[in-house]
1. Do we have T142 as within 19 Å of I270 (Cα to Cα), of a type in the set (V, I, T), surrounded by fewer than 17 Cβ atoms within 10 Å (Cβ to Cβ) and out of contact with any Cys (no Cβ under 6 Å at 6 or more places or on another chain) here?
2. So which residues in segment 69-83 are more than 22 Å from S127 (Cα to Cα), surrounded by fewer than 22 Cβ atoms within 10 Å (Cβ to Cβ) and not hydrophobic (A, V, I, L, M, F, W, C)?
3. Report the residue count in segment 257-288 for those that are outside any helix (DSSP H, G or I) and acidic (D, E).
4. When only residues in segment 217-241 that are surrounded by fewer than 16 Cβ atoms within 10 Å (Cβ to Cβ) and over 19 Å from V184 (Cα atoms) count, which is modelled with the lowest pLDDT?
5. How about segment 54-119: which strands (runs of 3 or more DSSP E) wholly inside it have at least 3 residues that are farther than 24 Å from R22 by Cβ?
6. Which members of segment 245-275 meet the condition of being touching a residue at least 12 places away in the same chain (Cβ under 8 Å) and among the small types (G, A, S)?
7. What's the number of the only condition in (1) open to solvent by 50 Å² or more (accessible area, probe 1.4 Å); (2) farther than 25 Å from G240 by Cβ that D134 fails to meet?
8. Before we move on, is A203 in contact (Cβ under 8 Å) with a residue 12 or more places away in the chain and among the aliphatic types (A, V, I, L, M)?
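The values are calculated or read from the model by the stated rules, or taken from the named source; none is laboratory data. If you're wondering where the values come from, they're calculated on a predicted model, not measured in any experiment. In this analysis, Cβ positions are derived from the backbone assuming ideal geometry, glycine residues included, and neighbour counts consider all displayed protein chains. Side chains included, ligands, DNA and RNA excluded: accessible areas come from the protein's heavy atoms. Shrake-Rupley method; radii C 1.70, N 1.55, O 1.52, S 1.80 Å.
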Amino acid sequence: MRQQDFIAVDWGTTNRRAYRIRAGAVIDSVQDALGVTAVPAGGFEQEVARLRAALGDASMLLAGMVGSNRGWVDAGYVPTPATLEQLSAAMVAPMEGVRIIPGVRHVAEGRGDVMRGEEVQLLGAISAGLAPPDALLCQPGTHCKWAWMRDGAIARFVTAMTGEMFALLRKHALIGQEMTGEVVPGDAFADGVRDGARGDLLASLFGVRPASLLGLRAQADAAAYVSGLLIGADCAAHAGKDIVHLLADPALGALYACAIEQLGGRAVRIDSHAAFIAGATRLWENLT
């Protein structure tokens, strides 16, 4: 088992977080907006050198979109059920001292799904005891992941475009003119969760406009209501009345926890940072 320091990088499309890890603990870190889309062609080796200059010379594990066909090297996908051991065995090495973690794919009933980066958090949460080996985990975000864990493995998962849909509606839809207020888990959000969970989502979305025109809802509440609609529909489709372990930042986690509990489930908050570090550490320990 390796004991020396290593650098784990969560390298997404628009952001990058790198951690120097020693014996499972972070001893230094850097974070910036240099996601894979900001790296010029042929520039990844230079970026690796820059990270090592900031964090010290060490071997590196890279997770996320850096291993996609839009990143450095396509690291492929391991199929469900997926474990940390399978991920370790399928890593690719684009240069000496650097390994890229593959993603995970799931195919069922003719529909496919993929993830990159989330698998480290999901499996890390289980390995660290932050969630039981049989559990439903949720990672809210632009593309919300719902993952059903069985015997400590990712058995199946679904991706919902919840956050991206909210952003598209706010920026491009007619109702975006109403969506200028703050999104908080208050009464308007709860109303949206209720309406989103009972179906007819498209009609409910259009209803945002006449609600403002007819004075049925304050325009300042429109954004919270739309967020509730989308998150309510998402949670109703996937969570039901289950216990859901949430890996999310405080603001988004609060919204999902509110929706899950309103719909009869129970939300358990998990430190997503700790889950990623635990997963990366286990992957590093698997390398011999």
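1. yes
2. Residues satisfying the conditions are N69, R70, D74, G76.
3. To start, the set of residues in segment 257-288 that are outside any helix (DSSP H, G or I) comprises 263-271, 287-288.
Those still in the list that are acidic (D, E) too: 271.
Of the residues in segment 257-288, 1 are outside any helix (DSSP H, G or I) and acidic (D, E).
4. G240
5. Passing ranges, in order: 77-79, 103-108, 111-115.
6. A248, G253, A254, A257, A259, G264, G265, A267, S272, A274, A275 - these are the residues of segment 245-275 that are touching a residue at least 12 places away in the same chain (Cβ under 8 Å) and among the small types (G, A, S).
7. (2)
8. For A203, the condition - in contact (Cβ under 8 Å) with a residue 12 or more places away in the chain and among the aliphatic types (A, V, I, L, M) - is not met.
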